[in-house]
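*Asks:* Structure below; questions to follow.
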Amino acid sequence: MLVRSPCPPTCDGWEALAHEAAAQLVARLHLLGDSELRRGHAAHSDWSHGGTRFPSLPLVMGRAEAQDQGGRKWRNEEALLPAQESKRRDRTMAARGRQVLDWHRLIPLSWASISRQTPHFGEQKRATASLLRKLTTASSGGALKGLPHVQPRKYVQELECGTSLTQCLLEKQRAPVDGGSSAREEVISSLLDMGFTDVHVQELLSIQPSPHPQQLLAIISKLILLGVNPEPVCVALKKSPQLLKLPIMHMEKRSSYLRKLGIGEGKLKRMLYCCPEIFTMHQRDIDRIVKYAYFRMGVNHSDMVRTDFLQYSITKIRQRHTFLERLGRYQTPDKKGQTQIPNPLVKDILRVSEAEFLSKTAYSTAEEFEVFKKLLAREEEEESESHMSGDKSTSEEEEEEEEEEEL
Amino acid sequence: MTYSVQFGDIWPSIRVSLLSEQKYGALVNNFAACDHVSDELEQLHARDFVNKAHSHGELEPESGQTAAPSPASWACSPNLRCFTFTRGDVSRFPPARLGSLGVMDYYLMDAASLLPVLALGLQPGDTVLDLCAAPGGKTLALLQTGCCRNLAANDLSTSRTGRLHKVLHSYVPQDVRDKSRVRVTSWDGRKWGELEGDTYDRVLVDVPCTTDRHSLHEEENNIFQRSRKKERQMLPMLQVQLLAAGLLATKPGGYVVYSTCSLSHLQNEYVVQGAIELLSNQYNIEVRVEDLTHFRKLFMDTFSFFPSCQVGELVIPNLLANFGPMYFCKMCRLT
């Protein structure tokens, strides 16, 4: 039940908009009030000019988006962070280009990258120091048991596969001959150095399904470097052991992306605990939430971060927001960021329990909301079906966008 | 907007329902002669709301009446069976199929559309006029009652009369159409006072209106098109003229039901009051509005009614019973 305008709207003001608008939109204006009229068009084109209202988002999403005219769509996640992408490519290219790497030269590079990432907490310094110690020990080849004399070329190969330096070095600690126990000891020692207590270490090592010790260490190190303290790391990993299955590269990418969204340090710790899915979920799904909040709800970037928007599922967000919108209790702000009614706060929509949402924000009943959820689910199902069965000119991005419109 | 003022606190629940998928009823085609249709529909967990209303009515006799015949004013038109899913059930009916005798087994419509026909209270042998008949759902229902000695079905628009023909052909066997002397015309409904004054026992005036729900979802033929702005503004006047014509075409003692699918009291109560006034002032004809309170109570379990109509009844959309909007008012021409 989409409101589709046969022609794209002009941007000259609401009189002009009504002039050109499809009859059903005019019907909405007359029968329901203004909000449907605005919202029906907002997702298509007005918000690509959204730089005026929500200046921070285009910085995250890439400059190209802010300048788009005429309702161009969301890019796929690769292009979302063009600056970061090109840096990464450069690094890999440079690494490939070199035939022989001086192992010792790598150390300052890694130290530099670690210090950049490290916040200035006491424990972090200790963790960093211990990692650095690992690096220097590795280079001298002394402290590691059974490690054969490494050739520089091996390190080049490691780099070529694009893994972080930390991981490379940790992998170097792999004991090639007697397997398990010495690797485990290394891990234990590393963890203790990072500031974990004996109890923590026991707990971490007994998480099931148990990952490879190096994987465990890699993930934990990453979290420490992100500024999460040992106790919360332990709690989070016990609660969500699936985090330990993540490839370290994915962790890198994801945490970097989250930081770009403004979620780092203290926030990250909270997210890690309450909604570890932000690490495991597909980036496309994060984008979907961000996009929905921004375009459909007019929630600006900093509010998104402040209200921990990402902890909510897109389903819940859509259900509650669309319900309010159709009730006439939520309006998508216009280009000037204005609405005719004061919109309920994000926390009163999403953070509260369903019962409280219904009684204090929606002023509706559980029965009606249940029916509404079923109807909405069916609408969305039919929307995506009709797109898959070939809306000729519809690009993949439009599919994503259309899913978010109601009628 | 005016609706939020008109409806106040209940407007949000109406609004969300208007913007969400509506609910349908399956009007059983008596001419398809298949009893298994009812069984099939019941297997889907749908129920005949008309039957439910009648048994509901029997449980609560009005003011001590026992075996007294139901007053003509609130007797329902007979032989109508219409299935709906229960409150809160969002199931959909499968599309109608061709039954035996070459006609379709049921007709999917907004169940609230049946109420004006039920309220009209047809009796066997009635001469009936459906003044704005297209696209034909209510016309079909009138025929289903089996009461029509004559049925005149008219709609100004020839394209819409085409749809009416199609409905009749798909649902009503030729012999029944002949027997009921169904006559389809495309004349101007406003002229009926002159054309066939004082002729009909029962008249249905289901006027063109802003078709609120339809206008929010469909682009095609939308009355809110820029090109139809004037037409839209003239609607209340047109509606008064059509209702007046319908009243003039009624025999003294006969009944008229006026109906719209709009929420606007400018198209509903105002029109009823305007037409009655017009008939009184210009023609010296007295018209009495019939009280449909009892009728409304029969159907309260299935539909959501607006409690504060000055005259007539209004079915308002509600997520649990997403039928309507449907306004209807019954009148008796006294003189």
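The values are calculated or read from the model by the stated rules, or taken from the named source; none is laboratory data. Values in this document were obtained by computation on a predicted structure and should not be read as measured data. Here Cβ is always computed from backbone atoms with ideal geometry, including for glycine, and neighbour counts include all displayed protein chains. Calculation scope for accessible area: heavy atoms of the full protein, side chains included, ligands and nucleic acids excluded. Shrake-Rupley method; radii C 1.70, N 1.55, O 1.52, S 1.80 Å.
*Asks:* Provide A:Met249, A:Met304 ordered by accessible surface of protein heavy atoms (probe 1.4 Å), highest first.
*Replies:* Highest to lowest solvent-accessible surface, that is A:Met249, A:Met304.
*Asks:* For B:Asn322, what residues show an amide H to amide H distance below 5 Å, using hydrogens built from the backbone and excluding near sequence neighbours?
*Replies:* B:Lys23
*Asks:* Given just the C-alpha atoms of the range B:102-212, how large is their convex hull per residue in cubic angstrom?
*Replies:* 102
*Asks:* Next question, about the same structure. Which one, A:Gly266, A:His212, A:Pro232, projects farthest toward the positive side of the charge dipole computed for the range A:190-280 from Cβ point charges (K/R +1, D/E -1)?
*Replies:* Of the candidates, A:Gly266 comes out farthest on the positive side.
*Asks:* What does the buried accessible surface come to for A and B, summed over both chains, with the probe at 1.4 Å? Round to 100 Å².
*Replies:* 2900
*Asks:* Ok, one more. Once the mean 1/r over all distinct Cα pairs of the range B:92-140 is inverted, what Kirkwood radius in angstroms do you read off?
*Replies:* When all Cα pairs of the range B:92-140 are included, the Kirkwood radius is 12.9 Å.
*Asks:* Leaving out ligands and nucleic acids, note down the accessible area per residue over the range A:283-385 with a 1.4 angstrom probe, in whole Å².
*Replies:* Per-residue accessible area for the range A:283-385 comes out at 40 Å².
*Asks:* Taking the Cα centre of the range B:127-252 as the origin, how large is its charge dipole in debye, to the nearest 20, when only Lys and Arg (+1) and Asp and Glu (-1) carry charge on their Cβ atoms?
*Replies:* 100
*Asks:* With all protein chains present, how much of the accessible area of chain B (probe radius 1.4 Å) comes from carbon and sulfur, to the nearest whole percent?
*Replies:* Taking all protein chains in place, chain B shows 51 percent carbon and sulfur surface.
*Asks:* In debye to the nearest 20, how big a dipole does the range A:190-280 give about its Cα centre with +1 on each Lys and Arg Cβ and -1 on each Asp and Glu Cβ?
*Replies:* 460
*Asks:* Taking the Cα centre of chain B as the origin, how large is its charge dipole in debye, to the nearest 20, when only Lys and Arg (+1) and Asp and Glu (-1) carry charge on their Cβ atoms?
*Replies:* 720
*Asks:* Roughly how many nanometres apart are two label points built 7 Å out from the Cα toward the Cβ at B:Glu196 and B:Asn51?
*Replies:* In this crude label model, B:Glu196 to B:Asn51 measures out at 3.4 nm.
*Asks:* Quick one: how many lysine pairs in the range A:283-385 have C-alpha atoms under 14 angstrom apart, if they're 8 or more apart or on different chains?
*Replies:* Total qualifying Lys-Lys pairs in the range A:283-385 comes to 4.
*Asks:* Could you tell me what fraction of 2.2 N^0.38 Å the Cα radius of gyration of chain B comes to, as a two-decimal ratio?
*Replies:* Ratio of Cα Rg to 2.2 N^0.38 Å: 0.94.
*Asks:* Let me ask you something else. Could you compute the longest span of chain B free of trypsin sites (Lys or Arg not before Pro) located in DSSP loops and having at most 14 other Cβ atoms within 10 Å, not counting the site residues?
*Replies:* B:182-335
*Asks:* Roughly what percent of Cα-Cα pairs across the range B:165-252 reach past 21 Å?
*Replies:* Cα-Cα pairs of the range B:165-252 separated by over 21 Å account for 50 percent.
*Asks:* Once you keep just the Cα pairs under 8 angstrom separated by 6 or more residues, what percentage relative contact order results for chain B?
*Replies:* 20 percent.
*Asks:* When the distances between all Cα atoms of the range A:190-280 are binned every 5 Å from zero, what whole-number percent does each bin get?
*Replies:* Distribution as computed: 3, 15, 29, 28, 18, 6, 2, 0 percent.
*Asks:* Let me ask another. Over all pairs of distinct alpha carbons, what does the Kirkwood formula give as the hydrodynamic radius of the range A:205-358, in Å?
*Replies:* Hydrodynamic radius (Kirkwood, Cα only) of the range A:205-358 equals 16.9 Å.
*Asks:* What full-extension length gain, to one decimal in nm, is calculated for B:Lys230 and B:Leu44 as 0.36 nm per residue of separation minus the Cα-Cα distance?
*Replies:* 62.4 nm
*Asks:* For B:Arg149, enumerate residues with amide H under 5 Å from its amide H, sequence gap 5+ or separate chain, H modeled in the peptide plane.
*Replies:* Residues meeting the criterion, in which the H sits 1.01 Å from N, are B:Gly125, B:Asp126, B:Thr127, B:Val128.
*Asks:* Which whole-angstrom value gives the distance between the alpha carbon centres of the range B:283-335 and the range B:226-264?
*Replies:* 16
*Asks:* Over the range A:283-385, what is the relative contact order in whole percent, taking alpha-carbon pairs under 8 Å and six or more residues apart?
*Replies:* 21
*Asks:* Next question. Any idea how many Lys pairs in chain B come in under 27 angstrom at the alpha carbon, given 8 or more places apart or on separate chains?
*Replies:* 24
*Asks:* With a probe of 1.4 Å, find how much accessible area the range B:111-333 has per residue, and write the answer as a whole number in Å².
*Replies:* Value returned for the range B:111-333: 37 Å² of accessible area per residue.
*Asks:* Can you tell which of B:Met300, B:Met109, B:Met234 shows the greatest fluctuation in a Gaussian network model of chain B with Cα springs below 10 Å?
*Replies:* Answer for the Gaussian network model of chain B: B:Met234.
*Asks:* Within the range B:8-46, which residues have the backbone N less than 11 Å from the label spot 7 Å out from B:Ser91 along Cα→beta-carbon, could you tell me?
*Replies:* Answer for the range B:8-46: B:40-46.
*Asks:* Modelled label-to-label distance, A:Thr280 and A:Asp198, 7 Å Cα→beta-carbon offset: nm?
*Replies:* 3.2
*Asks:* Just add up the charged neighbours of B:Gly136: K/R +1, D/E -1, any other residue whose Cβ is under 12 Å from the Cβ of B:Gly136.
*Replies:* With Lys, Arg at +1 and Asp, Glu at -1, the neighbours total +1.
*Asks:* Oh, and also: Rounded, prolate or oblate: which one fits the range A:283-385, using the alpha carbon gyration tensor with axes a ≥ b ≥ c (rounded when a/c is under 1.5, else prolate when a/b beats b/c, else oblate)?
*Replies:* rounded
*Asks:* Can you run phi through the Karplus equation (6.51, -1.76, 1.60; θ = phi - 60°) for the range A:197-207 and list ³J(HN,Hα) in whole Hz, with x for Gly and Pro?
*Replies:* 7, 4, 4, 4, 4, 4, 4, 4, 6, 9, 5
*Asks:* Over the C-alpha atoms of the range B:183-335, what are the Rg and the largest Cα-to-Cα span, Dmax, in Å?
*Replies:* 15.9, 45
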